[in-house]
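The values are calculated or read from the model by the stated rules, or taken from the named source; none is laboratory data. Computed from a predicted model, the values in this text were never measured in an experiment. Counting neighbours? That spans all protein chains shown, and the Cβs are built from the backbone with ideal geometry, glycine included. All accessible areas refer to the heavy atoms of the entire protein, side chains included, with ligands and DNA or RNA removed. Shrake-Rupley method; radii C 1.70, N 1.55, O 1.52, S 1.80 Å.
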Amino acid sequence: MENLISLVNKLQRACTALGDHGEESALPTLWDSLPAIAVVGGQSSGKSSVLESVVGKDFLPRGSGIVTRRPLVLQLHRIDGDREYAEFMHQPRKRYTDFAAVRKEIADETDRETGRSKQISPVPIHLSIYSPNVVNLTLVDLPGLTKVAVEGQPDSIVQDIENMVRSYIEKPNCIILAVSPANQDLATSDAIKISREVDPKGERTFGVLTKIDLMDKGTDAVDILEGRSYRLQHPWVGVVNRSQQDINKNVDMIAARRREREYFSSTPEYKHLAPRMGSEYLAKMLSKHLEQVIKSRIPGIQSLITKTIAELETELNRLGKPIANDAGGKLYTIMEICRMFDSIYKEHLDGVRPGGEKVYHVFDNQFPVAIKRLQFDKQLSMENVRKLITEADGYQPHLIAPEQGYRRLIESCLVSIRGPAEAAVDTVHSILKDLVRKAMSETHELKQFPTLRVEVGNAAFESLDRMRDESKKNTLKLVDMECSYLTVDFFRKLPQDVEKGGNPSHSIFDRYNDTYLRRIDEATFQAS
């Protein structure tokens, strides 16, 4: 089971290295699923002294105001031998044997993240301590709860600290170590108050009572330690920390632990509780409980890791394989992706993929229907034919056929075709742009490079716009060519007035009768 705690320690270090320390993320956060013990307490509650007693070393910064301004993930590793050393995750190749230097590095690393403005940060510091005098255990030391902002701190610091503490202890996998001083009323304890809000049944809360030796004479903490004043699912543990005088004199931690054991075993009020009092018992109890919680959470952790791996593999497949770093390799990759896009687009046009048939539909259905809807009857009405034919003669009547009149009639009909012709070009242009979008969405390699995707789309649309303008010009030229091209055979086959013998020498008044004009009308419609 000791290996389980070590494994969770490695997972927590990996999470922090990857930027996962419980904040909101697009992917599931593994940090929240890993059991941890969060140490909660108000300022001057003895929280730091409890941690140092568990470790058996002086290593935490001390001072007035808010000293702990970042979460400290403290991982204890029990090793064989006499060597004791510490390692920070942000300095993986450096070992500290001087724990005074550890204290200084904690303060310096805090300032690197938060500056010297006494701000707080949710980014944790990872500290691992290897010693034969510790048990395998992971603790998260959180900033002490406060009620008033001091000089140099923003007014929001009180709420900011509470929010940070809540973000840890609200998680169902968090074990709460609520540290309260015995020389203050338990009802006013910041740790008990916030723990009760997130864990009203006390199922995840361990109560630690400090400063028992500083209580007023004639009073004791037996009711609290026996769970009568405030009941928790787990027993309360009392500790006796070093006094400030002991700290100033650098009293050895081993001697302090011995003095703590003697206090509980020799004090009549606590003698019956002595076996489950003290920092050593607290560390062993927490280690055992953490092992049990980890064991119960293993299936959930495995499930989350498996799910996250699957999501990451899906994301990697979507992003595609990595590309070369040199300019030549990048250019080659771009050209390959463009060729893939071009191939898919061509498949749409050629019928391998759907979409190209819409272009054929424009010319086979939409364009003929639009032509049939043209109102030729207005251009070829008898009034308009008579007007154009008579005007074409000028002051002299035509000899064989009213050529100019025919031309004007045909031009007036063919010019109306310009509208449907331009509309057909615009429709085909719109279809081709839709095919570009489809080809882009079906070119999976473009999804890996959003900027290239935008550039390819812009280049394709610009080309289609340019081709549309050229196509319109050429289409209208074709219409104009049809307007201006009338062969000699056309005039030779002009309908003659059979009833009049088809003799072109008839008077102009005979040529302009309704029957003759009607035949001109029919010939013009056929020519158009």
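Worth pointing out:
- Residue, modelled with the lowest pLDDT, within the stretch 164-195, restricted to residues that are of a type outside the set (S, T, Y), open to solvent by 40 Å² or more (accessible area, probe 1.4 Å) and within 31 Å of the chain's Cα centre (by Cα): P172
- Among residues of the stretch 339-350 that are among the acidic types (D, E), those with a Cβ under 6 angstrom from a residue that is open to solvent by less than 90 Å² (accessible area, probe 1.4 Å) and not in a helix (DSSP H, G or I), sequence gap 6+ or separate chain, pair up as E347/R353.
- In the stretch 343-374, the residues that are open to solvent by less than 90 Å² (accessible area, probe 1.4 Å), under 13 Å from A439 (Cα atoms) and assigned to a helix (DSSP H, G or I): S343, I344, Y345, E347, H348, L349
- Matching residues, the stretch 436-454, being part of a helix (DSSP H, G or I) and closer than 15 Å to M340 by Cβ: V436, K438, A439, M440, S441, E442, H444, E445, L446, K447, L452, R453
- Whichever residue in the stretch 289-305 is over 17 Å from E203 (Cβ atoms) and β-branched (V, I, T) and, among such residues, is least open to solvent (accessible area, probe 1.4 Å): I301
- Lone qualifier among Q91, Q119, Q184, Q159 - being under 20 Å from S49 (Cα atoms) and not hydrophobic (A, V, I, L, M, F, W, C): Q184
- From the list P143, P154, the one residue that fits, being over 21 Å from L286 (Cα atoms) and part of a loop (DSSP other than H, G, I, E, B), is P154.
- Where a residue in the stretch 172-193 is without any contact (Cβ under 8 Å) to a residue 40 or more places away in the chain and β-branched (V, I, T) and its partner, wherever it lies, is open to solvent by 10 Å² or more (accessible area, probe 1.4 Å) and assigned to a loop (DSSP other than H, G, I, E, B), with Cβ under 9 Å and at least six apart: I192/Y230
- Meets criteria (among the aliphatic types (A, V, I, L, M), in a loop (DSSP other than H, G, I, E, B) and surrounded by fewer than 17 Cβ atoms within 10 Å (Cβ to Cβ)) for I323: yes
- Test: residue in the stretch 156-163 that is touching a helix residue (DSSP H, G or I) at 6+ places or on another chain (Cβ under 8 Å), open to solvent by less than 30 Å² (accessible area, probe 1.4 Å) and of a type outside the set (D, E, K, R): no
- In the stretch 75-102, the residues that are closer than 21 Å to D141 by Cα reach residues that are polar (S, T, N, Q) and part of a loop (DSSP other than H, G, I, E, B) with C-beta atoms within less than 6 angstrom, at least six apart or across chains, in these pairs: R78/N136; Y85/T97.
- Evaluation of Q159 against (1) assigned to a helix (DSSP H, G or I); (2) touching a residue at least 60 places away in the same chain (Cβ under 8 Å); (3) over 22 Å from A283 (Cβ atoms) (one fails), failing number: (2)
- Among the helices (runs of 4 or more DSSP H) confined to the stretch 196-286, the ones with at least 2 residues that are open to solvent by 30 Å² or more (accessible area, probe 1.4 Å) are located at 244-248, 253-266.
- Condition broken by L290, with the remaining ones in (1) over 19 Å from S49 (Cβ atoms); (2) free of Cβ contacts under 8 Å to residues at least 12 places away in the same chain satisfied: (2)
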